[in-house]
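This report concerns only the one structure given below.
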Amino acid sequence: MPKNVTIKKKIKPFDKVIKVPGDKSLSIRWALLASQAIGKSKAFNLLRSEDVLNTLKGLRKLGVKIKIYKSYCEIDGVGINGFKYKKNLTIDAGNSGTFGRLILALLIKSPYKIKLIGDKSLSRRDFSRVIDPLKEFGANFYPNNKSTLPFYIQGTNFIRPIKYFEKKGSAQIKSCIMLASLNSPGATKIIAKKSRNHTEILYKFLKLPIKVISKKELDLIEINGEKKIYPFNYNIPSDISSSAFFIVLTLLSKNSYLVIKDVNINSSRTGCIDILNKMGANIIFKNKKKYKGEKTADIHIRSRNSFKPINCPTKYNTSAIDEFLIIFLVAAKAKGISYFKNLEELNQKESPRLKLGSKILNMIGIKTKLTNSSITIYGNPNLKLTKSFEIKNYFKDHRVMALSTIAALTLGGKRWKIHNSDSINTSFPTFFKILKDLGAKIN
Ligand code: S3P
């Protein structure tokens, strides 16, 4: 695929059924947990994106045997704390915050120093959020007080369970502590602001000793560590975050209808659907099923001619965290002013997304008011674009790239030139292929 794309035409009306690839959070979690099982696990519909391939590459460096076949991936797990590797190992997390943060949890007993590195975008992101709790377990990090990559981790044999209050609503922090607890004797207790709960669901499915008490805004999680994990096969449901781009593509296109098959609709991930429906969309789940504790459904979407603005309730912030950029595009077309608050975490993603989202909206003539944690969007339902636009210098953030592509295909304009379009490969390598199958003209 070329590194830049040019779009000169809106997409024509479509009526199609599509399938998007496997969920990224579940793909990475399956690989990490399968590596800790004793024996062979298989995953079907595993997302084959750079973030997941970097996860597999990292696990291979730690001595885990992995085979990738056409229809499935097989991991021969080494057991908890069973990694085998030589001194001076470097693990490259690439662009993946999830892999970079979660793998550290499985290294807290490592006898040697291991270096963790990442790409330019990951190297500007905060790791103190996982270093701090892992230090409490007993792990060591060098250099002292460095909160960004690269750094070294060295484990200890004297791991102790911890009590931790996770206040950011970050599933990565919560899951990191949950994985580390497997290496620790005794009970680790987490009070966690609600966030995606795939790790909890997998622990229950794997019959690991976990207790979860769900309160209104917090979850109380207790895990008793040092148990065995048995190998497990998993058919990864499709990714709702990837689906969100196609949902908004359909909403903002003329006379179109789309069905997205077998998507994971875990309620800790469906904030975007709730928000878009409150804005006047009519997104429907059909053919609902349960799969190993996760919920799946086919998502049905029809184009809409008008959208209501929203004063977005902050209770949706964590369940829509990866979808805000694309939601902002709908707010740009809404009849009135939309407000989104307490979103400082958005600037901690692959790029400072709150800032870049606002910049792109301004570029297409939408007024915004921006703070470090909030954005006000002055929607314009009659938005007509006539100029050319160029999207570059965005930290190669795949979601900024996909947002720009959907904006170009639905809002028009003379010509959109989007640089570094291969950034999509971190999470959604078939993005352009599916768009072309729907009839999009992209060069
Ligand atoms: C993820 C959690 C979220 C999300 C990321 C994937 C996960 O990050 O933004 O894309 O798989 O746990 P935070 O936990 O940092 O909010």
Residue check, residue 394 in the same structural domain as residue 330 (by TED's automatic domain parsing), aromatic (Phe, Trp, Tyr) and surrounded by fewer than 20 Cβ atoms within 10 Å (Cβ to Cβ): no
When only residues in the range 35-56 that are touching a strand residue (DSSP E or B) at 6+ places or on another chain (Cβ under 9 Å) and β-branched (Val, Ile, Thr) count, which is surrounded by the most Cβ atoms within 10 Å (Cβ to Cβ)? 52
Hey, residue 408 of a type outside the set (Asp, Glu), closer than 19 Å to residue 277 by Cβ and either buried (at least 19 other Cβ atoms within 10 Å of the Cβ) or touching a Leu at 6+ places or on another chain (Cβ under 9 Å) (or both) or not: no
Restricting attention to the range 255-290, the residues that are over 21 Å from residue 330 (Cβ atoms) and not polar (S, T, N, Q) number exactly 6
Scan the range 133-162 residue by residue and report those that are under 28 Å from the mean Cα position of the chain (by Cα), without any contact (Cβ under 8 Å) to a residue 12 or more places away in the chain and exposed (fewer than 14 other Cβ atoms within 10 Å of the Cβ). 145
Is it true that some residue in the range 363-386 is within 16 Å of the ligand (Cβ to nearest atom), surrounded by 14 or more Cβ atoms within 10 Å (Cβ to Cβ), polar (S, T, N, Q) and assigned to a helix (DSSP H, G or I)? no
Selection over the range 215-240 where residues are surrounded by 20 or more Cβ atoms within 10 Å (Cβ to Cβ), within 16 Å of the ligand (Cβ to nearest atom) and part of a strand (DSSP E or B) yields a count of 3
Picking from 324, 340, 328, the residue that is within 14 Å of the ligand (Cβ to nearest atom), modelled with pLDDT of 95 or more and buried (at least 19 other Cβ atoms within 10 Å of the Cβ) would be 324
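Matching residues to (1) more than 16 Å from the ligand (Cβ to nearest atom); (2) assigned by TED's automatic domain parsing to the domain that holds residue 324; (3) in a strand (DSSP E or B):
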residue: 157; (1), (2), (3): yes, no, no
residue: 161; (1), (2), (3): yes, no, no
residue: 169; (1), (2), (3): no, no, no
residue: 173; (1), (2), (3): no, no, no
residue: 178; (1), (2), (3): no, no, no
residue: 199; (1), (2), (3): no, no, no
residue: 203; (1), (2), (3): no, no, no
residue: 213; (1), (2), (3): yes, no, yes
residue: 242; (1), (2), (3): no, yes, no
Of everything in the range 244-289, what is assigned to a helix (DSSP H, G or I) and among the acidic types (Asp, Glu)? Give them in sequence order. 274
Just for the range 103-132: of the residues that are surrounded by fewer than 19 Cβ atoms within 10 Å (Cβ to Cβ) and of a type in the set (S, T, N, Q), which one is farthest from residue 60 (Cα to Cα)? 128
Restricting attention to the range 392-417, and to residues there that are in a loop (DSSP other than H, G, I, E, B) and not hydroxyl-bearing (Ser, Thr, Tyr), which single residue is nearest to residue 24 (Cα to Cα)? 397
Taking the range 341-360 on its own, how many of its residues are part of a loop (DSSP other than H, G, I, E, B) and among the polar types (S, T, N, Q)? 2
The residue that is farthest from the ligand (Cβ to nearest atom), considering only those in the range 180-197 that are over 22 Å from residue 156 (Cβ atoms) and among the small types (Gly, Ala, Ser), is 192
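The values are calculated or read from the model by the stated rules, or taken from the named source; none is laboratory data. Every value quoted in this text rests on a predicted model; they were computed, and no experiment measured them. Every residue, glycine among them, receives a Cβ derived from its backbone with ideal geometry; neighbour counts consider all protein chains shown.
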